[in-house]
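Comments concern the structure below.
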Amino acid sequence: MKKNKPGRRQFVKSSLVGLSSLSLSSLLATTKTSKENSSEKKAEKRLNILCVGAHPGDPEFGCGGTMAKFSKAGNAVIFLYLTRGEAYNTNQSFAQSAALRTKEAETSCKILNATPVFAGQIDGNTELNKQKNEETAKLILSYKPDIVFTHWPLDSHPDHQVAGLLTLTAWIRSNKQFHLYFYEVNTGSETMAFTPTDYVDVSEVHDTKKAAMFAHQTQDPREIYDSFFKTMEEFRGLEANVKAAEAFIYFKPNDQRTWMKGL
């Protein structure tokens, strides 16, 4: 395997340290270059962040604050939606639903300064097979991501399961070229057995995240936020000793694992 250049690899590691320590201070300090720095150096330090979600709204609700912090720091953020949310309303056609939810996703991405991309699968009928693994891995790697976020596969929603496993397979097929993080959605009712390894303080970007979430008007965002995500943000904030936080599970490569303590 061709190794990353030391400078690039070290920069990505310093960014992840920022995530682990509840802030992106390391990332911000590194990406905010002085006036005398050349544009070439600035380009070297720009990370490619890819966030995979099963439906429009999943990345925004699950980790919109973290994505807002990455984009605010000058990094490229892409939301890869597995579907267009076609099946959300049984009283209208898939085409009508897809058009509405696509527009909402585009509006939300503008708020977060992210780029929306759609993988072309169908809401409620997502596929996990050899062909989709190959297609999704190729699509993910085409964006040359440094860090990828996706659904935790232990989830009651089949589409969330598929999104997480397709991304995990891409990570394996890429020979673990990018850092992989899993995010939670509606923990307790959908995401299951989620024990975070990392927290990000999203207090300062909370209004931005909320605006991105509320762009998805077809999803009754007020009810969903008040019933689920407000509590999640506050609970993770309590765990991390901040006002509001998002939590993640970092999937470590084999060479970064440790033996179980005491054995």
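Select from the stretch 165-196 the residues that are farther than 19 Å from residue 48 by Cα and of a type in the set (Gly, Ala, Ser) and write down the one among them that is modelled with the lowest pLDDT.
188
Would you call residue 204 touching a helix residue (DSSP H, G or I) at 6+ places or on another chain (Cβ under 9 Å), open to solvent by less than 10 Å² (accessible area, probe 1.4 Å) and on the phi < 0 side of the Ramachandran plot?
So residue 204 fails the test.
If you scan the stretch 69-92, which residues turn out to be modelled with pLDDT of 95 or more, open to solvent by 10 Å² or more (accessible area, probe 1.4 Å) and polar (S, T, N, Q)?
Hit for the stretch 69-92 is 71, nothing else.
For every residue, the table says whether it meets (1) closer than 27 Å to residue 145 by Cα; (2) among the hydrophobic types (A, V, I, L, M, F, W, C).
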position	(1), (2)
170	yes, yes
188	no, no
196	yes, no
200	yes, yes
210	yes, no
217	no, no
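All but one of (1) under 29 Å from residue 104 (Cβ atoms); (2) at pLDDT 95 or above; (3) of a type in the set (A, V, I, L, M) hold for residue 240; which doesn't?
The failed condition is (1).
Can you work out which of the residues in the stretch 118-127 that are surrounded by fewer than 18 Cβ atoms within 10 Å (Cβ to Cβ) and not charged (D, E, K, R) is nearest to the chain's Cα centre (by Cα)?
118
Can you find, within the stretch 123-147, the residue that is nearest to residue 89 (Cα to Cα) among those that are touching a Ser or Thr at 6+ places or on another chain (Cβ under 7 Å) and not in a helix (DSSP H, G or I)?
123
When you scan the stretch 207-230, how many residues do you find that are open to solvent by 60 Å² or more (accessible area, probe 1.4 Å) and touching a residue at least 24 places away in the same chain (Cβ under 8 Å)?
Of the residues in the stretch 207-230, 2 are open to solvent by 60 Å² or more (accessible area, probe 1.4 Å) and touching a residue at least 24 places away in the same chain (Cβ under 8 Å).
Could you list, in sequence order, all residues of the stretch 90-122 that are outside any helix (DSSP H, G or I) and closer than 30 Å to residue 47 by Cβ?
Listed by number, the residues that qualify are 113, 114, 115, 116, 117, 118, 119, 120, 121.
Taking the stretch 148-170, which residues are polar (S, T, N, Q) and either touching a helix residue (DSSP H, G or I) at 6+ places or on another chain (Cβ under 7 Å) or open to solvent by less than 10 Å² (accessible area, probe 1.4 Å) (or both)?
150, 167, 169
Does the stretch 171-196 hold any residues that are over 15 Å from the mean Cα position of the chain (by Cα), closer than 22 Å to residue 47 by Cβ and either open to solvent by less than 40 Å² (accessible area, probe 1.4 Å) or in contact (Cβ under 8 Å) with a residue 12 or more places away in the chain (or both), and which are they?
173, 174, 175, 176, 177 - these are the residues of the stretch 171-196 that are over 15 Å from the mean Cα position of the chain (by Cα), closer than 22 Å to residue 47 by Cβ and either open to solvent by less than 40 Å² (accessible area, probe 1.4 Å) or in contact (Cβ under 8 Å) with a residue 12 or more places away in the chain (or both).
The values are calculated or read from the model by the stated rules, or taken from the named source; none is laboratory data. Quick caveat, the model's predicted, so the values are computed rather than measured. In this analysis, Cβ positions are derived from the backbone assuming ideal geometry, glycine residues included, and neighbour counts consider all displayed protein chains. All accessible areas refer to the heavy atoms of the entire protein, side chains included, with ligands and DNA or RNA removed. Shrake-Rupley method; radii C 1.70, N 1.55, O 1.52, S 1.80 Å.
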